[in-house]
Each structure stands twice: as C-alpha cells, then as structure tokens.
Amino acid sequence: MYCLWCDQEVIPQLSWTNLLLPERTRNICESCENGFLLLNGKHCLKCSRLSDETICSDCVKWENDPTWQGVLSFNQSVYSYNPMLRDVVTKWKYRGDYLLRDIFQYTFKDVFDDRFVKWEKEAIIVPIPLSEERMLERGFNQAESLAQLLKLPYQKPLSRVHGEKQSKKTRKERIDSKNPFEIKVQVSHPVILIDDIYTTGMTLRHAAKLLKNQGCPEVFAFTLARG
Amino acid sequence: MKGNWHLLAVSYLVASFTTISINLLYCAMIILLYRHQRITRIQCIIIISSLLIFLSALILEQKESPINSPLPTPHSSNLSGTIVSSVTETDNKIEFQFKEDKSDQKTLVTIFKDTNSDQDYSSININFGAKCTIIGKQEIPQPSKNPGQFNFQNYLKQKGVSFQVTINDKKNVSCYGSSKITILHKLRSGFLTSTDKKLSGYTSSWLNALVLGDDEGISEETVEAFQRWSLSHLLAISGLHVGLIVGIFYFLLVKLQLLTKEKAQNLLILLLPIYAVIAGGAPSVWRSSLMTVSFLLLVKLRLRLSVTDVISIIFLALVLYDPNLLHQLGFQFSFMVTFALLLSKKIISRPYSKWYIIFSISVICQLSILPLQINQFYFINPLSIFVNLLYVPYFSFFVIPSMFFTFLFTYLAPPLSRVIDDLFKMIHQPILKLLMEIDEFLYFPLILGKVEGFYWFIYCLFFYLFMKNLEKNKSNLVLKYGCLLTFVLIFLAVKPYLDPHGSVTMLDVGQGDSFVIELPYRKGIFIIDAAGTMSADFVTPSNKVYKQVIKPYLYSRGIAKVDSLILSHNDHDHVGSVPFIVNELNVKQIVVSKYFSFSEETLEILNQNKIPVLAVDAGDEIIYGDQSIRILYPDMDKGTTNENSLVFYTELGGLRWLFTGDIDEGIENEIILAYPKIEVDVLKIAHHGSNTSTSEKFLTHTNPKFALISVGDNNRYGHPSLEIIERLDKFNIGIMRTDIQGAIRYKFKGKIGTFFSHLPYDN
C-alpha cells in the first residue's frame, strides 16, 4: 500500500499495540498522519475548538443570542483545521482528488462511534447538501461522501439554494446571510448533521434551525475539521 | 504478507505444539482478523493453509522420529555413513555427528584419545562431509533418571541424534573425503589454535569465546557465574557481537578508504555467512548474521520490509531448514529476546536518558525470557538486571571491540596484539573479580521450581498488557500490570506453601543413597543422606551427583532451604555431596548419630557456614511441627560406619517408614530384640540390597509392603543381590529400585498417596 498523500510505500510497523490485533490497512503513512492534529486534547465541548475553557467565547456568544440559543446541541470535529489538513482538504474538495477522503476512513468513523454512541440508534444522519450548481461544478458532495464513511444509513431532507461559497465570505457576511436551506421532508427524530469543516458554525446552525422549526427535537453536528 | 509475516511464523510455532485445540484457536483468531478486515482474504488463506501444512509435516515427522517409532535396533560392528556436523576436538576426545547410510539415523560419535601414547589423530581424516566406516556399538543415550535432571537423550533427540557410539581405538574409524565447508571448519580450528599460541591463555580464551564462538577455554566457574547473573548472552555470540564486529569492520574499511561504501557492503554480505560458520554456527550467530545480511540486501535491492518481517522470515527459513532448532535453548532465547526488543522499538526510542534506555532494554530482555529461563534453570535472579546494566556496556564498549582488534592484530600487527593482550588482562581480571564478589555476597536467587504452562499463559498475558500500556504511555495501567506481573511471580514462589501434597523421593544417585522428604504446605524439608562420587582419579570428591541430581531436583521443586539434613553414616556414598549442599543451600541443621564422626574437612565447612549439628541417640525423637522422627539405633558405638548407621522410623502420608542406612543382619537382629512390636509399610532396604542385610527374620518381623532399593546401574559390588530380590518376592513385597526405575516418588495428601517412578516400569 502506498501513502495517499506522499506516495511512499507504507510499511506497517509491528509493536506491542498491534501485536495481537494487526492494524487495518493504512492508506496514509505514519509521518503524514502525524501532520494532522487529532482533537483529543483540551477543546471546547460545544464546538470542538482548541481551547482551555470548556465552553469557548464563541459558543458563549452564540448561546447568548436568543435567535440561535440551543439550536445546535454541539459540534464534534475530528481534527483541528491545521495547514496540513487544509492542504489535504483543498486538494480533495476543490481539485477533485476524490480518493483522498479515504485518508480519514477509519478515524472519522472511530471518533463518530465514540462520541455518538448514545444517539446512534435513534438519530438520523443528514449530510449538509450542495446546491445543484455547486454539485455540477464539483462532481461530488463532500459532506455526503464523508457521511458514507460512517457505513450507516443517511437521509437528505434538505436542499440548498445556490449562493456564494461560504469560504469566500467573511465572518460578518456569513452571519448576516439568509438561510440557504429549504426543507423537503419533515424529520421527527434527532439529527446528526455531517459536514467537512466547522468555521463559524453558521451553515450548520441555519440547517439546524430549519429542522427544529419543522419539529426535529435535537440537532448535533459532526465535522471533519474545526477551523 | 507485508507487515504480517509474524503471523506465519506464529503459525509454525502453533503447529509445533501439535495440540489440536491450540491450532483450532489460532485458526479462529486468524478468521476473526479477516472478518474484521485486519488481514486480507489471501493472507488469511495463506496463513491457515501453511498452518495445515506445518501441522501435517510435523505430525508425520513425529511418527517417523526414531524415539517414537520402534527403534531400528542399534547396530553393532560396521557402520558406514557421513559426518554431518562440525568436528569438535579437545585434549582427550574428538566428537562429531554421523549419519548412517542404511538407517538414515544420526549417531553421536565420541572418540576418546589415548592420552598416554602420543598418537596422531589428524591422519584419520575426520572432517565434515567425510565418508566413514566405524566399528563400534550403537547405544541409546541415557535418559534423565530424576525429576529436574538434564535429559541427555532428549538433548540429542532435539539435535536429531538417536544413538551414540564410544570409540577408544582410532583403528576403528576410517574416513575419506570431505565437504567444501570443511575449509571453513578447518579455518576455524586454525584460528582457534593460533590465538592459543600467539596470545596469553587468559586473553585467548576470551577471544575464542567472543569472536570465534568457542567458550571451552573459559573456566567453568566463570561460565556458571555468568549463568547465575543472566549474563550468558554476552558469552554466546549474538546480535550484540555481530553488530559490533560488523560496525567496526565497516567503519574501518570505509574510513580508511580501503573500499567504497557499496563495495564494503557487498563484502559484508559475502563474509557474514562465512563468519557464521567460522564463529561456530550457533543459532544466535546465524540469526544475527542473517538479519544483518538481509538488511544490507534490502537496501541494495531498494526493497522495504519491516524488521519484524525480516526476523519472522529468518525464523521460518531456519526452522524449515532444521526443525530441531526450535527445541534448542539458544535458538529460543535469541529469537525471543530479539523479537521482544523489536516490538518495543517505540518504548526504547523515546527521547529519554541513555540510562533509561539501557535499563528498559535490560528489563524487557529479562521479562521476555523469564518463562524460558525458569523452565530451564528453575530460578531467577532479580538483581541480575542491575548487573546487566554494568556488564553489558562494559562488554559492548570494551571487551568485544578489544577482542576483535586483538584478533585482527594477531595477524596484521603481532606486537600490538601483545600490548592489547596485557592491557586486557589488566582490566578484565579485576572486573571479573568484581562479578565474583557480587556473586558471593549479593546472590539471592528466587527459586521457583517447575511451573505449569497455565501460569505462563497468565504471565505472558500480563507481560503483553504491561508492554502495550507502556507503549501507549498509560502510566496507571503500566503500574497495575507491573504489579500483577510481580504478583504472579510471588504467587509462584509461595505456591508450594499452599500445596497440601507432601512427598518422599528416593533419588537415583547411582550407587548411594539420597532421599528428600517434603512435608505438606512446605512445613519442612528433610534430606536423608547425600551421596557423592569420586572424580576419575578415585581420590578427589566430585560434585557430579550434587550438580546433576540433587540440586536440579531441589531447584525443580523450588527448594532453597533444607530444615534438616539427616546423615545415616559417614561413607562417601551417603555423605559425599554434603560439602556442596552446605555451601550452596540454606541448611538449618544436620542430624547424625552420636557415634558419627565427621572428617576434618567437612567439619571446617560446617563451621564456616555456621551449621549446627544435632547428635542423636537411640530412643530420641526429633519433632518438627507435627512430624516426628523416632531414632531407633545405634545405641552405642558399634565400631564400623555401616553398623553405626542411623536407623529411624517415621510416618508419612498414611505409611510407616523405616530408614536403615547400611546396617547388616547383626544390627537387624538387635533391632528386632529392642523393638519387638515394630511393623512398617515401607522399608528402605539396607546397604543397597546387599545380601549381608535384610534377613528373612527381619522381613517377617517388620512385615513391610514396599521395599525401596537405592542402587547404581551395573555397580561393581553386584548390588542388589539376587538372593535379596528373590527373598523380597517370596514375601510379596513390592520392589522399587532406582537402577531400573530412576527416581521413586511417593506423593501423598493426607493419609493417601501413590508411588511414581521417573522411568516407565517396563524400561
């Protein structure tokens, strides 16, 4: 097996940890993988941002705003959005190297299973949709392709109106923007939203608000990276 | 298969157990790994099918093996075949393995040299690969006759040898031809003799051991001290030696610009296998040389393979080439330690201090071979970890490099080699002396005895979890499993104290007596008599019986302390091993009759070790807990040692026992008169079954059911007398004798017990 990122051959190293249980086939070598920053240290419990406080100032702001209070129960991210991850996501998402998703194959599922064990049975997994135009342009929905890694059924009750890319907007523009989602089907179960990156949390909150207004009891988010 | 070669190596290991349940368990584990996508379908198929192939091959081989099949009757007279091993020659003998053409069986041939006449043995052309005709009688090697004793038969069997032949006249051997490898064997013996000639005996003995893999020259005392302190790995050429020698060699070639790096590497690839043969070809030498060659080849071919894969492939290659290797201790130790260290790469490559690293290597080595160590030697020496910390760096940085340079200089610059020679002596002697001092004052072994496989399973589990958490840096779990690991060892040490079984063991010490009584719950250990032998000169006492029989038995039972050493009378075949026992074990007291007089040498040793002597008289009773031993005789000085034999009575495991030393009929009659009502179940037949004792009258009077006869195989006194055997048969008394059955052990719980013989009865 060759590393999906650096193309070097991956030589599995046997140690006490994987003596009895061999590792799953790695598609990224150890040194590339060490470039990612897994969020298992101190981070905000509500939005996964690297922080010494249990609830970061950003989340305090969100929760003090009566419009957004309690809309999103929490967001769990897998990695911090560091330069290494940004490079990988850029190549994957914008330059269409679809296979790079498999770098996150196991970790994405492992972290999900670990965090959402309480809700996994009951909740419905919903990837954040793309607008039709964006879908045509990109060829795949990154959120949906991540959701597929979870090997669980997912639903698509939302659709999206075409607009400017979130990544091209400033924070202020994002927060002031109007809700880009429309709801097609009502959902009465809790929902776990899946997306690639949580930056301000606006997109996820827009989707969550819509779902909640239509009778969904609780909304969580699970994202690959926390910006 | 990349990254998973160890699973294939393990499947060979599992197959070698040939137990179906273990094999099935392994299959299940492999399938489970496949189901969880940890190995691919192809890997799964390869592993399971090779398990089946290994298993069927090993079962087939077992069936064909000479020990399990009815033996092709050993031939006498003319044997023709080929020499299949290197030839070892010492001052008094020549030894080699010989494969007979007709039966295809290997035989160990020992030619004893006639030391009186100055005969030339090189003329008979004994070389590896030579075709030989040998006139001699094939014999089946001696099996072990006591629990814990070294089993020569098994040892040879593990090397694939089923017979041995001893030859005293060189006329009985004629050989011609040789194989090409002989050149290397000859080169080796040439090197060995030339270092002996060119250097001082002291230095050459170390050089021969550390560079050429021949430790004949190192004193037994040193070898044993190294063994006691788990330093033997320094004496056997292994990864450390090969690594250092290769390193120095490469460095010299490249830095002195004799060769380019490329060429130096090529040369090493070529030379290392040759070196492995020259260095004696022990498993550890082959392992480390082949590993080094593999790494050099991988670099050359631009292939990448993990180290664990390399060692697994070499393991498979070696055991497939010679399946007997797996049973050799050196092979097991070498692979076990190396594999454990390779697994611990993450732990020992942490950026901590050098001492931390050396310490953790030392600990990992000791812990990983602990089951092998205890199964073989029955003890561990916890402090050896610290001694390793001193001596491993000393050997790595000083002894091995200087020996290698001395070796080079004896050929390149002889005067320089003599300088190093003196320097080496000056440094090495005091440092070894230090080890002897440590050995004298700080040797506190933990004698655990023979341990059942179940406990090793538990031990290995905890060791694995310990290492796993150490790797993950989870300190609280490391602490927990470290404690559990220690607890297992402590439990093994106290286990005898929880065992309700007791035993009486008549050891097979040849012509002589030695009994060991173990009370239930380890409440007391008594030894009755400790036979000794003489050296070849018939004058100096030899420690052979102690070393080969008594000590291994006691160690295998986890015994380090003797509560009472009871001596019947002062004859060498009853007390010859006393000085050795007293010096090495913790003896609380010695019990003798009042009419027993020690030799001056023995008295001195007893005084040195401050051992109290209890002199008892007829009518006395020794009480030990709730065990009582009644002394029946002697009641006065009878003149001879045999007649003065201590006679005593005790009850153990529901039976009444009478120990009689070497008394004769006259004393028996006196006992009958003095104790008119005495009846026993087990009678130790006096004087090894001589017809001067065990009268019909005595048998009628004491009415025993069992007779114990401790007697040497084919002894020159003709013991036991046929007359006595017939007499015992006539009285319907069950006879148990050491010459035929090996050690006899009566194991009991409460008042019920069973006699076991070490050898099967029909042997």
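The values are calculated or read from the model by the stated rules, or taken from the named source; none is laboratory data. Note that this is a predicted model, so its numbers are computed, not measured. Cβ placement follows ideal geometry from the backbone for every residue including glycine, while neighbour counts extend to all protein chains displayed. Side chains are part of the model used for accessible areas, which takes the heavy atoms of the whole protein and leaves out ligands, DNA and RNA. Shrake-Rupley method; radii C 1.70, N 1.55, O 1.52, S 1.80 Å.
Looking only at the range B:257-267, residues that are more than 17 Å from B:Leu184 (Cβ to Cβ) and surrounded by 14 or more Cβ atoms within 10 Å (Cβ to Cβ) come to 4 in all. Go through the range B:284-307 and give me each residue that's open to solvent by less than 10 Å² (accessible area, probe 1.4 Å) and either aliphatic (A, V, I, L, M) or in a helix (DSSP H, G or I) (or both). Scanning the range B:284-307 gives B:Val285, B:Ser288, B:Ser289. If you go through the range B:338-357 one residue at a time, do you hit one that is in a helix (DSSP H, G or I), closer than 19 Å to B:Phe226 by Cα, open to solvent by less than 50 Å² (accessible area, probe 1.4 Å) and of a type in the set (A, V, I, L, M)? Within the range B:338-357, not a single residue is in a helix (DSSP H, G or I), closer than 19 Å to B:Phe226 by Cα, open to solvent by less than 50 Å² (accessible area, probe 1.4 Å) and of a type in the set (A, V, I, L, M).
When B:Ser189, B:Ser238 are checked against the criterion of being more than 22 Å from B:Glu437 (Cα to Cα), touching a Lys or Arg at 6+ places or on another chain (Cβ under 8 Å), open to solvent by 10 Å² or more (accessible area, probe 1.4 Å) and not charged (D, E, K, R), B:Ser238 stands alone in meeting it. Elements of the type helices (runs of 4 or more DSSP H) sitting completely within the range B:1-68 and holding at least 3 residues that are closer than 30 Å to B:Pro141 by Cβ, in contact with a Ser or Thr (Cβ under 8 Å, 6 or more places away or on another chain) and charged (D, E, K, R): there are none. Candidates are the residues of the range B:358-382 that are surrounded by 16 or more Cβ atoms within 10 Å (Cβ to Cβ) and not in a helix (DSSP H, G or I); the one that is farthest from the chain's Cα centre (by Cα) is B:Asn381. Across the range B:580-596, what is the total count of residues that are basic (Lys, Arg) and open to solvent by less than 50 Å² (accessible area, probe 1.4 Å)? Total satisfying the criteria: 0. Within the range A:4-21, residues that are more than 7 Å from every other protein chain (Cβ to nearest Cβ) sit with their Cβ atoms under 6 Å from residues that are assigned to a loop (DSSP other than H, G, I, E, B) and of a type in the set (A, V, I, L, M), at 6+ positions apart or across chains, in these pairs: A:Leu4/A:Ile28; A:Trp5/A:Ile28; A:Val10/A:Met1. For the range B:574-596, the condition of being touching a residue at least 60 places away in the same chain (Cβ under 8 Å) and out of contact with any helix residue (DSSP H, G or I) (no Cβ under 6 Å at 6 or more places or on another chain) holds for at least one residue. Of the helices (runs of 4 or more DSSP H) contained entirely in the range B:647-761, those carrying at least 3 residues that are surrounded by fewer than 17 Cβ atoms within 10 Å (Cβ to Cβ) fall at B:665-674, B:696-702, B:722-730.
When every residue of the range A:140-154 is checked against the conditions, none turns out to be under 17 Å from A:Gln214 (Cβ atoms) and of a type outside the set (A, V, I, L, M). Has the range B:241-256 got any residue that is open to solvent by 50 Å² or more (accessible area, probe 1.4 Å), within 14 Å of chain A (Cβ to nearest Cβ) and in contact (Cβ under 8 Å) with a residue 12 or more places away in the chain? The answer is no, given that none of the residues of the range B:241-256 is open to solvent by 50 Å² or more (accessible area, probe 1.4 Å), within 14 Å of chain A (Cβ to nearest Cβ) and in contact (Cβ under 8 Å) with a residue 12 or more places away in the chain.
Scanning the range B:561-601 for residues that are of a type in the set (Phe, Trp, Tyr) and within 14 Å of B:Val647 (Cα to Cα) returns B:Tyr595, B:Phe596.
Looking across A:Gln166, A:Gln142, one residue alone is surrounded by 12 or more Cβ atoms within 10 Å (Cβ to Cβ) and modelled with pLDDT under 90. It is A:Gln166.
Among the residues making up the range A:81-100, those that are touching a Leu at 6+ places or on another chain (Cβ under 7 Å) and part of a helix (DSSP H, G or I) are A:Val88, A:Lys91, A:Trp92, A:Leu99, A:Leu100. Got a sec? Which of B:Val578, B:Val545, B:Val616, B:Val582 is under 30 Å from B:Asp499 (Cβ atoms), touching a Lys or Arg at 6+ places or on another chain (Cβ under 8 Å) and of a type in the set (Val, Ile, Thr)? Among B:Val578, B:Val545, B:Val616, B:Val582, only B:Val616 is under 30 Å from B:Asp499 (Cβ atoms), touching a Lys or Arg at 6+ places or on another chain (Cβ under 8 Å) and of a type in the set (Val, Ile, Thr).
One line per residue, one yes/no per condition, for (1) closer than 17 Å to A:Arg226 by Cα; (2) without any contact (Cβ under 8 Å) to a residue 12 or more places away in the chain; (3) open to solvent by 80 Å² or more (accessible area, probe 1.4 Å):
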{"site": "A:Val88", "(1), (2), (3)": "yes, no, no"}
{"site": "A:Asp97", "(1), (2), (3)": "no, yes, no"}
{"site": "A:Lys109", "(1), (2), (3)": "yes, no, no"}
{"site": "A:Val117", "(1), (2), (3)": "no, yes, yes"}
{"site": "A:Ile124", "(1), (2), (3)": "no, no, no"}
{"site": "A:Pro127", "(1), (2), (3)": "yes, no, no"}
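Could you list, in sequence order, the residues of the range A:22-77 that are within 14 Å of chain B (Cβ to nearest Cβ) and in contact (Cβ under 8 Å) with a residue 60 or more places away in the chain? Passing the criteria: A:Arg24, A:Asn27. With the requirement that a residue be in a loop (DSSP other than H, G, I, E, B) and either surrounded by 13 or more Cβ atoms within 10 Å (Cβ to Cβ) or touching a strand residue (DSSP E or B) at 6+ places or on another chain (Cβ under 8 Å) (or both), what does the range B:76-101 give you? The answer is B:Ser77, B:Val84, B:Ser85, B:Ser86, B:Val87, B:Asn92, B:Asp101.
Residue by residue, here is whether (1) in a strand (DSSP E or B); (2) farther than 27 Å from A:Ser80 by Cβ holds:
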site	(1), (2)
A:Ile125	yes, no
A:Glu144	no, no
A:Gln148	no, no
A:Lys156	no, yes
A:Ser159	yes, yes
A:Asp196	yes, no
A:Cys216	no, yes
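Scanning the range B:192-210 for residues that are open to solvent by 50 Å² or more (accessible area, probe 1.4 Å) and not hydroxyl-bearing (Ser, Thr, Tyr) yields a total of 4.
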